[in-house]
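Some notes on the structure that comes next.
Values quoted throughout were computed directly from the atomic coordinates according to the rules given, and no laboratory measurement underlies them. The shown structure was predicted, so the numbers you read here are calculated from the model rather than taken from an experiment. Please note: Cβ atoms are built from the backbone with ideal geometry, for glycine as well, and neighbour counts cover all protein chains shown.
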Amino acid sequence: MPEAQADIALIGLAVMGQNLILNMNDHGFTVVAYNRTVSKVDDFINNEAKGTKILGAHSLQEMAGLLKHPRRVMLMVKAGKAVDEFIESLLPVLEPGDIIIDGGNSLFEDTIRRTKYVESKGLLYIGTGVSGGEEGARRGPSIMPGGSPAAWPHVKPIFQAISAKVADGSPCCDWVGEGGAGHYVKMTHNGIEYGDMQLICEAYHLMKDGLGMTADEMHQVFADWNKGELDSYLIEITRDILAFKDTDGAPLVDKILDTAGQKGTGKWTVISSQDMGIPITLIAEAV
């Protein structure tokens, strides 16, 4: 049996999961990678993770055996049923005091329920928002952990090392609170982002249809905005897409379908606001 040497395990090798693992490895942590479709583990170890200290596990038992105590296991799987199924699979291979972390976009009410359930089995639970997309996961995301307070000291060094840093070096990660607090903050953050995107769309609409501006002219406006107090990720990527040309030299933005999908966090934010009797009209209109 190989000795327990790993600092944390991560389950779910989609791009977000892979990038978080590579980020942790960059910061000197030894990570065990596991995926339900085990062939993905070998693909990852032989390609993206080649030449690193990252370990691959072919079963949850093997994964648990490689981890130092208390064991830290992070799930980066689809919100909903998959999280509950993995919790059930993990409980038999873990021990009291070990920590299960859900890094997906779970509904905060599910995280409250799971925290109580996992604590009732003697283990600790964290539900955390991870923001910044694939690039953030690789280079430094914002991380919003909540759940069992006793778990925080055991994950704090890892999470604060891999998170984005503000100008003074402070990590974009701190303990948010108990129960579903971490996922509640992530939900609200996403809801605000819906509002931001609605405002950007309306500004684009006024410039394009109201003022008859070209994509290049709008690109210049967003470029100027991104130098002032509106400087932000969403303004920056809007600036860039407006300048992007298709192979025939025409603005690509004019060829993209005028539709958008959603994963639910904005809707959850609005439902929560209704439950509390707090109007958030901009986010509601965006949804």
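Show the residue pairs meeting these rules: Cβ distance below 8 Å; 6+ apart or different chains; first residue within the stretch 78-99 and of a type in the set (Gly, Ala, Ser); second residue in a helix (DSSP H, G or I) and surrounded by fewer than 19 Cβ atoms within 10 Å (Cβ to Cβ).
Pairs that qualify, where the first residue is of a type in the set (Gly, Ala, Ser) and the partner is in a helix (DSSP H, G or I) and surrounded by fewer than 19 Cβ atoms within 10 Å (Cβ to Cβ), are 79/110; 80/110.
Limited to the stretch 84-107, what total is found for residues that are touching a Ser or Thr at 6+ places or on another chain (Cβ under 8 Å) and surrounded by fewer than 22 Cβ atoms within 10 Å (Cβ to Cβ)?
Going residue by residue through the stretch 84-107, those that are touching a Ser or Thr at 6+ places or on another chain (Cβ under 8 Å) are 99, 101-103, 105.
Still in the list and also surrounded by fewer than 22 Cβ atoms within 10 Å (Cβ to Cβ): 105.
So the count comes out to 1.
Among the residues of the stretch 108-126, write down those that are aliphatic (A, V, I, L, M) and surrounded by 22 or more Cβ atoms within 10 Å (Cβ to Cβ). Give the steps one after another, and end with the answer.
Taking the stretch 108-126 as the starting set, the residues that turn out to be aliphatic (A, V, I, L, M) are 112, 118, 123-124, 126.
Scanning the stretch 108-126 gives 118, 123, 124, 126.
Do we have any residue at all in the stretch 117-126 that's touching a residue at least 12 places away in the same chain (Cβ under 8 Å), basic (Lys, Arg), closer than 26 Å to residue 230 by Cα and out of contact with any His (no Cβ under 8 Å at 6 or more places or on another chain)? Walk me through how you get there before you give the answer.
Here is the first cut: in the stretch 117-126, the ones touching a residue at least 12 places away in the same chain (Cβ under 8 Å) are 117-119, 121-126.
Subset that is basic (Lys, Arg): 121.
Checking the rest, the ones that are also closer than 26 Å to residue 230 by Cα come to none.
Checked the stretch 117-126: no residue is touching a residue at least 12 places away in the same chain (Cβ under 8 Å), basic (Lys, Arg), closer than 26 Å to residue 230 by Cα and out of contact with any His (no Cβ under 8 Å at 6 or more places or on another chain).
For the stretch 148-195, give me each residue that is in a helix (DSSP H, G or I) and among the polar types (S, T, N, Q).
Filtering the stretch 148-195 down to residues in a helix (DSSP H, G or I) leaves 149-162, 181-195.
If the condition is that a residue be in a helix (DSSP H, G or I) and among the polar types (S, T, N, Q), then 160, 188, 190 are the ones that fit.
Evaluate the following for residue 114: is it at negative phi and either outside any loop (DSSP other than H, G, I, E, B) or β-branched (Val, Ile, Thr) (or both)?
Details: at negative phi: yes; either outside any loop (DSSP other than H, G, I, E, B) or β-branched (Val, Ile, Thr) (or both): yes.
The answer is yes for residue 114.
Mind listing whichever residues of the stretch 148-173 are without any contact (Cβ under 8 Å) to a residue 24 or more places away in the chain and within 22 Å of residue 98 (Cα to Cα)?
Passing the criteria: 153, 156, 157, 160.
Can you tell which of 260, 286, 250 is surrounded by 11 or more Cβ atoms within 10 Å (Cβ to Cβ) and within 23 Å of residue 187 (Cα to Cα)?
Values: 260 fails: surrounded by 11 or more Cβ atoms within 10 Å (Cβ to Cβ); 250 fails: within 23 Å of residue 187 (Cα to Cα).
Going through 260, 286, 250 in turn, just one is surrounded by 11 or more Cβ atoms within 10 Å (Cβ to Cβ) and within 23 Å of residue 187 (Cα to Cα): 286.
Could you tell me how many of the residues in the stretch 103-115 are out of contact with any Lys or Arg (no Cβ under 7 Å at 6 or more places or on another chain) and in contact (Cβ under 8 Å) with a residue 40 or more places away in the chain?
The initial filter retains those residues of the stretch 103-115 that are out of contact with any Lys or Arg (no Cβ under 7 Å at 6 or more places or on another chain), namely 103, 106-115.
Those still in the list that are in contact (Cβ under 8 Å) with a residue 40 or more places away in the chain too: 103, 106-112, 115.
Residues meeting the conditions: 9.
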